[in-house]
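In what follows, a single structure is set out as structure tokens and then discussed.
Every read-out reported here was derived from the displayed coordinates using simple, explicitly stated rules and does not represent laboratory data. Owing to the predicted nature of the structure, the values given are computational and were not obtained by experimental measurement. Every residue, glycine as well, gets a Cβ built from its backbone with ideal geometry; the counts of neighbours run over all protein chains shown.
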Amino acid sequence: MKIELGKEPKDIFLHDPTFYGHLFRKFKWEPVQRSITVHKTKIVDIIKEDLIIKKHEFINNSTSVVKSKRCIYEMVENTAQSLWSEGGIAEDEIFYHVDFNFTYGHFKYKNKWRSNKTHGARMSFGLTKKRNSIFIKPNETVVTDLIATKMIMIIEVEYKTELIGSAVANYAKLYGTYHFWAPSIQSIMKAANMKNELLTTEEIEVRCFVNPRSQEVVKPAHDVYSSGFKRTGMRKRKRKFE
């Protein structure tokens, strides 16, 4: 404070109340407080794999054409877990909200600073909206596969912690034209060559399912159930599995 203002004050106040009442509120000065903000983010890595998560078979045993909706879905679980850098702000009672927005819904959770807890949410995944229908002829079978892209994504979040606000200096005698001066804490620390920045890194590993799509195979019923051999005149024999 002496370096910034040129003279050592009698008292220094960081917030209300002070010996002289609520000076910060009276003069609309911001008290000194810690500020944590997202400094920058980046995606470190993405791993993708396509897989079938559900298979549905529709057999038309009737003698007429059947109309069926192209609608298939499955419950999946998306998860997220954080890993933290050794440096930066230590564990504290700091809570924040994380929200991942997928095309089929939101994955939200509340996390604590430096917590490594795994958060998960079960979500309905697939093609649930009304789309064009498929017409299945008699003795046909339609096999529908629900395909998803299983993704692992590593997101790096860098937080910047700094002190903001003003520190109030009180001079017993008028210093210039005032008793009270309120320089910013940033300018005070800069004048004293003190670093007012601390970086903390969080890596969030997200495991999720994205890009729902389907593929259909239409085949005659005999392709599924016929063995291709005539059974007339064949002797029955016991089967055993080896």
**OP:** Write down the radius of gyration of the chain and its Dmax, each obtained from C-alpha positions, in Å.
**Re:** 33.5, 121
Subject >> Of LYS40/LYS150; LYS28/LYS190; LYS40/LYS160, pairs whose Cα-Cα distance is over 18 Å >> reply: LYS40/LYS150; LYS28/LYS190
**OP:** Enumerate the amide H contacts of GLU140 below 5 Å, restricted to partners 5 or more residues apart or on another chain; note that Pro and chain-start residues carry no placed amide H.
**Re:** ASN60, ALA221
Subject >> Residue-averaged 222 nm ellipticity for the chain, from DSSP H runs of 4+ at -39500 (n - 2.57), nearest 500 >> reply: -1500 deg cm²/dmol
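Label the stretch 1-137 by shape, choosing from rounded, prolate and oblate, from the square roots a ≥ b ≥ c of the eigenvalues of the Cα gyration tensor; if a/c is under 1.5 it is rounded, and otherwise prolate applies when a/b is larger than b/c, oblate when it is not. All intermediate terms of the calculation are to be shown ahead of the outcome.
Working: a/c = 4.88, a/b = 3.34, b/c = 1.46.
Here the stretch 1-137 falls in the prolate category.
Sorting check: for 17-25, 199-207, which peptide has the highest mean count of neighbouring beta carbons within 10 Å, and how do the rest follow?
Values: 17-25: 13.6, 199-207: 17.3.
Descending packing order for the listed peptides: 199-207, 17-25.
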**OP:** Please give, to one decimal in nm, the separation of the simple spin-label points placed at ARG122 and LYS48, each 7 Å out from Cα toward the Cβ.
**Re:** 2.8
Subject >> Computed over the stretch 1-139: relative contact order in percent, which uses C-alpha pairs under 8 Å that are six or more apart >> reply: 28
**OP:** Quick one: go through the stretch 83-113 and flag any residue whose amide nitrogen is under 18 Å from the point 7 Å out along the Cα-to-Cβ line of LEU14.
**Re:** 89-94
**OP:** Among the aspartates and glutamates, select those whose C-alpha is under 13 Å from the C-alpha of LYS55, and discard any that sit fewer than 8 residues away in the same chain.
**Re:** GLU74, ASP145, GLU216
Original post:
Label GLN186 and LYS28 with points 7 Å out from Cα along Cα→Cβ: what is the distance between them in nm?
Top reply: 1.9
Subject >> Three-way shape label, the stretch 66-205, alpha-carbon gyration tensor, a/c 1.5 >> reply: prolate
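Where does each of 134-146, 29-41 land if you order them by average Cβ count within 10 Å, highest first?
Top of the packing list down: 134-146, 29-41.
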**OP:** Normalising by the residue count of the chain, find the relative contact order in percent from Cα pairs under 8 Å and 6+ residues apart.
**Re:** 30
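Which net charge results for the neighbourhood of VAL218, defined as the other residues with beta-carbon distances under 9 angstrom from its beta-carbon, given Lys and Arg at +1 and Asp and Glu at -1?
Values: positive: LYS137, LYS219; negative: GLU140, GLU216.
Local net charge: 0.
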